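Undergrad: Submitted below is the structure of interest, expressed as structure tokens.
The values are calculated or read from the model by the stated rules, or taken from the named source; none is laboratory data. Small disclaimer: the values here were computed from a predicted structure and weren't measured. Note that each Cβ is placed from the backbone with ideal geometry, even for glycine, and that neighbours are counted across all protein chains shown.
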Amino acid sequence: MSRYSSSEQLREMLTFKRLFVAAAMERCASVHYNVERCFSKWFWLVSVLLSVAVSVGGCDDTTAAADVRPVDVDVAMVIAKPIRSWDEFNGRISAIESVEIRPRVSGYVERVAYKEGDEIHRGDLLFTIDARSYQAAVNSAAARLQRAQALAALAELRDHRAQVLLPTSAVSREEADTRRATYLQSKADVLDAEAALAVAKVNLEFTEVRAPIDGRVGRAMLTVGNLAVADQSLLTTMVSQDPIYVYFDPDEHSYLRYRGKLLRSQVGATPTVRVGLANEDGFSHSGKVDFVDNKVDPQTGSIRLRARLNNSDRAFTPGLYARVQIWSDDETPAILIDDKAVLTDQDRKYVYVVGPGNTALRKDVKLGRLSGGFRVVESGLMPGDKLIIDGLQRIYFSGAPVKPSEPPTAKAE
């Protein structure tokens, strides 16, 4: 006679079942990628063994099944709402104005008058070049002008006397004509001297190199004591800051689709773009396309587009990589789910939904892109499905009993 009653034998067998199931699950998780397929084999084996043991001990399957407790899971209704499709491209941030600062006169750098990397305004002083020779040139030009003016005054007096004496034949016609020509030549010499003085003053002004635009200035390429050659030596660079451009290259099929939509829309409509930087998850910046190139590159099959962005917060720096989204289609119905509910079975993606009788039902899905933080499901789910989003690690096979509850944060939008 056995030392244990039938109820004690059943409890021992059920305890053995729970321990065996836990060990099998741990083994499958450690050596197999497809946990569900591996576990189903072990679960089938232990079920057969326990069924034999239960039948020998006089117990029925109903008592064994009663020990399988429902798993507590959190569920949420899949989100069904219209969304707008966006195409994503790689882009580069570029300044609207970019200037290489070069001297207009030659000379030695006397002073670097700005702090490298600062934002400055148009007309601010950047460099000074030794101005002594240019100041001397101004003084010399001024002296030549005074000389020319004095000669012109004398020539005017002589011409006036000749014109008075000519009717009385006190001077000859030839002498009068000579004095008139001398006077006119003196007037021309004055104009020439004035122009030379103006050039000397301009060169003197050019010894002070000033910012031609508002923007951020780079490092000084020439420091104090170095020779700056007119129109050759690079002193520094400047780039404007706000607004700013982003350039990107859609493929020709996308471009044709955009152009068709614009032609069907009202006159003057421009595509909207959304921009995200490399360290940003979403696309928090927006702008308008303001330029489309006049031809498609036949080698790449793409066309250059440019969008204008606000940069008042200085989030963009010229040269940065950017992710650019441009609207593709009008709003279309879509099914959205939380990415954390998606599981992987080799090359397939699947989720668990609450099936009939509060059981976990596996559904293979085809996923699309992200939209507003949710994953678009192209096929596999229907509006009204209750998606299991938490407790998935305790569901070992399709058809497992579950106890669903909907958390306050998992509500359909």
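Undergrad: Only one residue in ARG122, ARG147 is under 27 Å from ALA195 (Cα atoms), of a type in the set (D, E, K, R) and out of contact with any Ser or Thr (no Cβ under 9 Å at 6 or more places or on another chain), so which one is that?
TA: On the way: ARG122 fails: under 27 Å from ALA195 (Cα atoms).
ARG147 is the lone residue from the list that is under 27 Å from ALA195 (Cα atoms), of a type in the set (D, E, K, R) and out of contact with any Ser or Thr (no Cβ under 9 Å at 6 or more places or on another chain).
Undergrad: Moving to a separate point now. Do we have ASP189 as surrounded by 15 or more Cβ atoms within 10 Å (Cβ to Cβ) and either modelled with pLDDT under 95 or assigned to a helix (DSSP H, G or I) (or both) here?
TA: Details: surrounded by 15 or more Cβ atoms within 10 Å (Cβ to Cβ): yes; either modelled with pLDDT under 95 or assigned to a helix (DSSP H, G or I) (or both): yes.
Yes.
Undergrad: Give the residue, chosen from LEU227, LEU222, that is surrounded by 14 or more Cβ atoms within 10 Å (Cβ to Cβ) and within 41 Å of the chain's Cα centre (by Cα).
TA: Numbers: LEU227 fails: surrounded by 14 or more Cβ atoms within 10 Å (Cβ to Cβ).
After ruling out the rest, the residue left standing is LEU222.
Undergrad: Same structure, new question: Would the range 281-295 turn up any residue that is more than 18 Å from the chain's Cα centre (by Cα), assigned to a loop (DSSP other than H, G, I, E, B) and farther than 30 Å from GLU97 by Cβ?
TA: So far as the range 281-295 goes, no, none of its residues is more than 18 Å from the chain's Cα centre (by Cα), assigned to a loop (DSSP other than H, G, I, E, B) and farther than 30 Å from GLU97 by Cβ.
Undergrad: Of (1) over 30 Å from GLY117 (Cβ atoms); (2) touching a Pro at 6+ places or on another chain (Cβ under 9 Å); (3) not charged (D, E, K, R), VAL239 satisfies all except one. Which?
TA: (1)
Undergrad: For residues that are aromatic (Phe, Trp, Tyr), more than 30 Å from GLN185 (Cβ to Cβ) and over 38 Å from the mean Cα position of the chain (by Cα), tally how many sit in the range 97-154. Break it down into steps so the answer makes sense when it comes.
TA: Going through the range 97-154, the residues aromatic (Phe, Trp, Tyr) turn out to be 108, 114, 127, 134.
Applying the additional criterion that residues be more than 30 Å from GLN185 (Cβ to Cβ) yields 108, 114, 127.
When the remaining residues are screened for being over 38 Å from the mean Cα position of the chain (by Cα), the result is 108.
The number of residues fulfilling the criteria is 1.
Undergrad: Here is a further query. At least 2 residues that are among the basic types (Lys, Arg) in each: list the strands (runs of 3 or more DSSP E) lying fully within the range 312-365 that qualify. Break it down stepwise before answering.
TA: Details: elements: 321-327, 332-337, 343-345, 348-355.
Where strands (runs of 3 or more DSSP E) fall fully within the range 312-365 and carry at least 2 residues being among the basic types (Lys, Arg), they are 348-355.
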